[in-house]
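The next block holds one structure in the form of structure tokens; read it before the comments.
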């Protein structure tokens with residue numbers, strides 16, 4: 001799959017790689033689904049194969065490793081794997097590339113373990129930390145690595161990608177690109193992610209619920225074993241962003257964002273939080 005958007009970042013990174021001037025680590029930050037993790041994966045392939053394409057699940061990269069959250073967090077055990085990986089010699093690439101996606105979900109213990117890696121990185125290593133919330137990264141880590149901001153991608157570029165590479169019918173491509181708000185990942189998910197489609201429907205019903213039926217609806221929403229408070233709040237925030245702005249909706253949007261930011265706290269009761277959010 002072709003990587004789209006962020007042409008300046010692409011030129012900067014590939015130029016540094018071609019001249020042998022890459023640093024030992026970077027933090028890619030910005031809104032979710034704007035292409036941060038996708039770029040990290042594509043760049044790992046560029047280092048190994050010389051082509052900036054996003055590797056699919058069937059593509060095996062010898063010198064790249066990707067760490068993602070288990071549930072709603074990244075624990076210390078996952079970070080401990082980093083040392084074993086980065087301290088090996090690269091086989092097909094000038095660097096061993098380690099990408100931590102959703103790094104803002106790392107526990108404090110995990111971040112402290114990662115700090116030791118950033119203090120004395122191997123010469124042939126490349127650490128890429130991907131985060132939507134830069135403030136969730138410990139200052140001691142953030143101060144050691146250059147930060148690269150990923151902003152929204154132009155709507156027309158997303159639409160062209162959907163209609164071209166993804167062969168999406170024009171009407172659907174236009175609608176998805178408009179609702180994506182500059183996020184290529186969201187545009188793709190709006191067209192293909194059934195779980196997101198379900199959550200968006202439930203979130204719409206939740207936001208339009210009345211005090212009389214809200215408790216029963218919330219009970220139904222959180223009933224599935226695979227319910228994720230963060231995933232549902234993500235759908236709530238999207239619905240609010242698409243609606244005509246008002247003072248009340250803006251205030252609710254901020255409350256939902258705050259709750260989303262603390263949703264990794266295992267002490268939170270989803271039923272209580274969702275009932276209180278609209279109270």
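The values are calculated or read from the model by the stated rules, or taken from the named source; none is laboratory data. Bear in mind that the values here come from a model prediction, so they are computed numbers and not experimental data. Note that each Cβ is placed from the backbone with ideal geometry, even for glycine, and that neighbours are counted across all protein chains shown.
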Tally of residues being assigned to a helix (DSSP H, G or I) and out of contact with any helix residue (DSSP H, G or I) (no Cβ under 8 Å at 6 or more places or on another chain) across region 198-219: 6
Residue within region 215-235 that is touching a strand residue (DSSP E or B) at 6+ places or on another chain (Cβ under 6 Å) and closer than 19 Å to residue 31 by Cβ present: no
Residue identified as under 24 Å from residue 42 (Cβ atoms) and over 18 Å from the mean Cα position of the chain (by Cα) among 82, 74, 134: 82
All positions within region 25-61 that are modelled with pLDDT of 90 or more, in contact with a helix residue (DSSP H, G or I) (Cβ under 8 Å, 6 or more places away or on another chain) and under 29 Å from residue 109 (Cα atoms): 25, 27, 28, 29, 30, 32, 33, 34, 35, 38, 39, 43
Matching residues, region 54-63, being touching a residue at least 24 places away in the same chain (Cβ under 8 Å) and under 18 Å from the mean Cα position of the chain (by Cα): 54, 56
